[in-house]
Amino acid sequence: MLRLSVFLIALNQEANIGPCLASAAFADEIVVVDTGSTDRTMEVARAYTDRIYRTEWQGFGRTKNFALDRTTGDWIFSLDTDERVPPALKEEILEVVRADGPLAAYRVPRKNYFAGRWIKHLGWYPDYVLRLFRRGEGRFWEREVHEEVLVAGPVGNLKNPLDHYSYNSASEYLARNDRYARLAANEMAKNGRRPLPGDLVWRPFFTFLKLYFLRRGFLEGSLGFTLARLSSRYTFLKYYYLREFLQEAENAHRPHRPDRP
């Protein structure tokens, strides 16, 4: 029989990992990679699997490839700790695995929640992400953040959504997006990206315009306005940190000139 492996990476996720793994209990194998938790994450995970590994943090893409390399299934499903697999999606995944058709991978639509509320606009839904793929057909792009699975073969779409409980509050959104902005800026700097005049003004402005008007964030009421503004802030920070990182690199390479006596 074809086997299905589910894997995830975790760090201090004792509140999330139990419900996440419970929703994935239909898999033949669950692999968990912990990157240094100091809470009960690993203890909770052991109730669902004995395939638990530890490694240092290597960035999202590389750490997920570390976990992927420890799976053994014919089909692989990548899951995050703040996601849940509803029953309808579970059945659709199992149907794909049993049929073993010609496609190499499948994208899954996500229902993204903010503080328990399903956000249907601002590009938050259906938010397709590639998560189900054949062994040997997919590998994560080893980026610092916004990692994705790269496949060479044909890709299809599943119909039933994955539940994603992304943020519990605006303060959590701010804290995480500051971290993601730094990671994204570092990634851009490593790839030779250079800031353009006006980046800190027009990019945040167009981010807000796109999300609030073009992607109909206004239909979410005051929360839509807040989320569009927070996304605009993320864009600002990403390019601000890019300038900061490049300036620090330039200063580090400048020859030191001793003060005159």
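Each value in this text was obtained by applying a stated rule to the coordinates, not by laboratory testing. Quantities reported herein were computed from a predicted structural model and do not represent experimental measurements. Heads up, the Cβs are rebuilt from the backbone with ideal geometry, glycines too, and the neighbour counts pull from every protein chain shown.
Determine the equivalent ellipsoid of the stretch 4-166 by diagonalising the alpha-carbon gyration tensor, then write out the semi-axes as square roots of 5 times the eigenvalues, largest first, rounded to whole Å.
22, 19, 16
Between Glu172 and Leu246, what FRET efficiency follows from the Cβ-Cβ distance if R0 is 25 Å, with the result rounded to 0.05?
0.30
Can you find, among Pro161, Gly192, Ser231, the residue farthest towards the positive end of the dipole of the stretch 157-260? Put +1 on the C-beta of Lys and Arg, -1 on that of Asp and Glu.
Towards the positive end, the residue furthest out is Gly192.
Kindly state, to the nearest 0.05, the FRET efficiency for Asn12 paired with Val129, given R0 = 25 Å and r defined as their beta-carbon distance.
0.60
Given charges of +1 on the Cβ of Lys and Arg and -1 on the Cβ of Asp and Glu, with all other atoms neutral, how large is the dipole of the stretch 8-164 about its Cα centre, in debye to the nearest 20?
320 debye
Excluding Phe213 itself, what net charge comes from residues whose Cβ is under 15 Å from its Cβ, given Lys and Arg +1 and Asp and Glu -1?
Computed value for this residue: +3.
Viscosity 1.567 mPa s, temperature 4 °C: what is the translational diffusion coefficient of the stretch 145-261 from Stokes-Einstein with a Kirkwood Rh over Cα pairs, rounded to a whole number of µm²/s?
75 µm²/s
Starting from the 7 Å offset along Cα-to-Cβ, what nm value, one decimal, do you get for the label separation of Arg40 and Trp57?
With each label point 7 Å from Cα toward Cβ, the separation is 2.4 nm.
If the cut-off is 18 Å between C-alpha atoms, which lysines fall inside it for Lys210, apart from same-chain ones fewer than 8 positions away?
Correct list for Lys210: Lys120, Lys238.
Take the Cα atoms of the stretch 114-181, find their three principal axes, and give me the spread along each one in whole Å, biggest first.
Reported extents, whole Å, longest axis first: 40, 29, 18.
Roughly what angle does helix 222-253 make with the longest principal axis of the chain, taking Cα atoms, 0 to 90 degrees, to the nearest 10?
60 degrees
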